[in-house]
Structures are given as C-alpha cells and as structure tokens.
Amino acid sequence: MAPDLTTRLGRVELRSPLIAASGTVGSVWEWADVADVGPYGAAVAKSVAPVEWPGRSAPRLAPTGAGMLNGIGIQNPGITAWIEMMEPWLPRLAVPVWGSAVGETADEFAVVAKGLVSAGVPVVEINLSCPNLEDGRMFSLDVGRSRDVVAAVRSAVEVPIGAKLSPNTDDILGVAGACLDAGAEFLTLTNTALGFGVDVKARRPLLSGGVGGYSGPGLKPLSLRCVHEVSRAFPGSPIIGCGGITTGTDVLEYLLAGASAVALGTVHLAEPKAGRRIRREMLRDMEKMGVSGVAELIGGASR
Ligand SMILES: Cc1cc2nc3c(=O)[nH]c(=O)nc-3n(C[C@H](O)[C@H](O)[C@H](O)COP(=O)(O)O)c2cc1C
C-alpha cells in the first residue's frame, strides 16, 4: 500500500503535507491553470493588506548563488479588490486556498483577516514578516508586537489561524511562544531571510529596495534550525516547514525535524509543476524507508 500522505495542523486536515507558499503561486488560480494542484494539501494566496500596496519599483527579483532575492514590497490590491477578484474562484479550485494577511498595525491585520474569511478562505496565515507602522521593523522580530497581531486576528475570526515567522530573529522561541499563547494554531517556519546583493557592472544593489528577502536552497538549514528548536520547545504545536525545498528528500528532512507539513516557494518560479515531482520523490523515499505515513516521520530526528 502507498504511504499515507494525510497530515493535520491542529483543526486543519490536509490530504498532503505539500502546501504552495504565499507569493510564489500568485493568486493561485493563474498557477492552478498551468500546474497540477492534486499533489498539494493547500495553496496560500499572496499576502493582502487593508488597502492597495503598490510594491517597490524594478528590479524586484534577482538570482543570487543558491537561491534568489526578492524585494516586491508585498504588492497587493487591498482586501476589497482582493475579495472581488477571489470570491468567485475559491470554490472552483481543486485545492483549499488559504488567505495571507499583512498590515501595518494589529487592527489592520484583523480587518484583513475578516475580509479573507468573508470571501471564503478556510484558514488564515498571518504574515508577520512585514514592517509595522511605528518604526518600520518587522513584526516578527518583536515578541510583544507579534503577540498583539495574533491576538487581534484571533478575536476577529473563528477559522484556524497560523503565524508565519522570520528566521532573522535572535529569539525564535520567544516569538513562537507568544504567537501560540495568543491563539495561533500553527506556525509557518520560515519566511525569507534578509539578504543583499550587488550588480557589480552597474555598481548598485541588485534590488531597487537594497535589502530584500533571500529564499531558495541556501535558506533550508536556517529554516530547519527554527523548526527543530520550536518543535522541541513546544511539542505538539503544529509547524509548517518552509525554506529551500526542492526535492522529496528535503520534505522528509523537514518532517523529521518536527514539521507536520511543508510549504514550497521559490521552486515554483522555475518549475510551476514542482509539486508533482516532489510528491513522487517523497513517496519513493518513504517506500524505500518502509515508512507507512507522514505521521510516522514527524519529529523523528528532533526528539
Ligand atoms: C517572489 C516571492 C514573493 C513572496 N511573497 C510572499 C508573500 O506575499 N507573503 C508571504 O508570507 N511570503 C512571501 N514569500 C515567501 C515565501 O512564501 C517563502 O516563505 C520563502 O520564499 C521561503 O521558501 P522557499 O525558499 O521555498 O522560497 C515570497 C517569496 C518570494 C520568492
């Protein structure tokens, strides 16, 4: 019998541990047109704010060694336009589509979360890797601010919510614990790491915004460290591992480190159908290892 790929994140049941990461599959429906969504348990739409964010000017994407830099500036149409665009699509897609909320204050996150739920998303991921209004630092670098955002979203919606954290904090356990205390039902570990690159010929930064988000294979050990430490400190708290996954073996690594599911990001930019290959590789690895299902792997290397 083929290994059982079903898994759970608290109240959320997934047919597969593979999730399409926010921002790397657009609004999901464009991607679903070209990719096979069957291998995925969920797909997270691009983060959305209360009002339109224009994003940064070009260049906003740049390849760099083992991965890439992005400095999109979370361009999005704002929640009202998002609802109009997405509501008709959500029931038609063959994969559950989760919403992703951003804002500049805790109240703004709550407004967006309400809007996402009114459009029909079954789960809200809170993207704490965006700058707050007061000093422009990322929410997820601050324990108190992260707690306030999650608490505001928790009181605004009843659907399952999760918090997506940055690998750049020196206190991942403090931030993770605050989010769980405030009502996050799962944690996504992690978003991109801060990075910088130089266009040598032009003698200027690769990205218009200078510092951006680094993603791809080089991120994997950094995100895995977060998964490992958080899963040991908060046993039983569901984790989505995210960062640098390109193969089925990478997925098993995250599961063994303590994740219950994983999100695939940058790999989609070069290979929109990556889920199909990664699912096949994962099943092959599990069969070789004589593993009966995902549940048997979770945390196996981090106890
Ligand atoms: C072009 C691009 C846009 C992204 N936009 C978002 C976003 O809107 N919201 C979010 O939570 N993460 C966003 N991310 C981060 C990814 O969801 C993911 O956490 C990160 O890229 C690490 O995974 P990876 O190494 O598999 O790409 C973006 C990443 C990229 C490359």
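Pull up region 64-82, narrow it to residues that are more than 20 Å from the chain's Cα centre (by Cα) and over 12 Å from residue 195 (Cβ atoms), then point me to the one that is nearest to the ligand (Cβ to nearest atom). Among residues in region 64-82 that are more than 20 Å from the chain's Cα centre (by Cα) and over 12 Å from residue 195 (Cβ atoms), the one nearest to the ligand (Cβ to nearest atom) is 81. Checked against (1) within 30 Å of residue 236 (Cα to Cα); (2) within 11 Å of the ligand (Cβ to nearest atom); (3) among the charged types (D, E, K, R), residue 4 passes all but a single condition, namely (2).
Does region 180-222 hold any residues that are more than 30 Å from residue 113 (Cα to Cα) and among the aromatic types (Phe, Trp, Tyr), and which are they? Answer for region 180-222, where residues must be more than 30 Å from residue 113 (Cα to Cα) and among the aromatic types (Phe, Trp, Tyr): just 196.
Any residue at all in region 37-53 that's away from the ligand (no atom under 16 Å from the Cβ) and of a type in the set (Gly, Ala, Ser)?
Yes.
Residues that are under 18 Å from residue 141 (Cα atoms) and not acidic (Asp, Glu) do occur in region 195-204.
How many of the residues making up region 256-267 are touching a helix residue (DSSP H, G or I) at 6+ places or on another chain (Cβ under 6 Å) and more than 13 Å from the ligand (Cβ to nearest atom)? Matching residues across region 256-267 total 2. A single entry from 140, 129, 155 fulfils the requirement of being among the hydroxyl-bearing types (Ser, Thr, Tyr), modelled with pLDDT of 95 or more and within 19 Å of residue 241 (Cα to Cα): 140. Please list, ordered by residue number, the strands (runs of 3 or more DSSP E) wholly in region 110-218 having 1 or more residues that are closer than 21 Å to residue 45 by Cβ and out of contact with any Pro (no Cβ under 6 Å at 6 or more places or on another chain). Because the criterion is at least 1 residues that are closer than 21 Å to residue 45 by Cβ and out of contact with any Pro (no Cβ under 6 Å at 6 or more places or on another chain), the strands (runs of 3 or more DSSP E) in region 110-218 that meet it are 124-127, 161-165, 186-189, 212-215. Residues considered: 49, 32, 21. Of these, the only one that is surrounded by 22 or more Cβ atoms within 10 Å (Cβ to Cβ) and over 17 Å from the mean Cα position of the chain (by Cα) is 32.
The values are calculated or read from the model by the stated rules, or taken from the named source; none is laboratory data. The structure displayed is predicted, hence computed values, not measured ones. Positions of Cβ are generated from backbone atoms using ideal geometry, with glycine treated the same way; all protein chains shown enter the neighbour counts.
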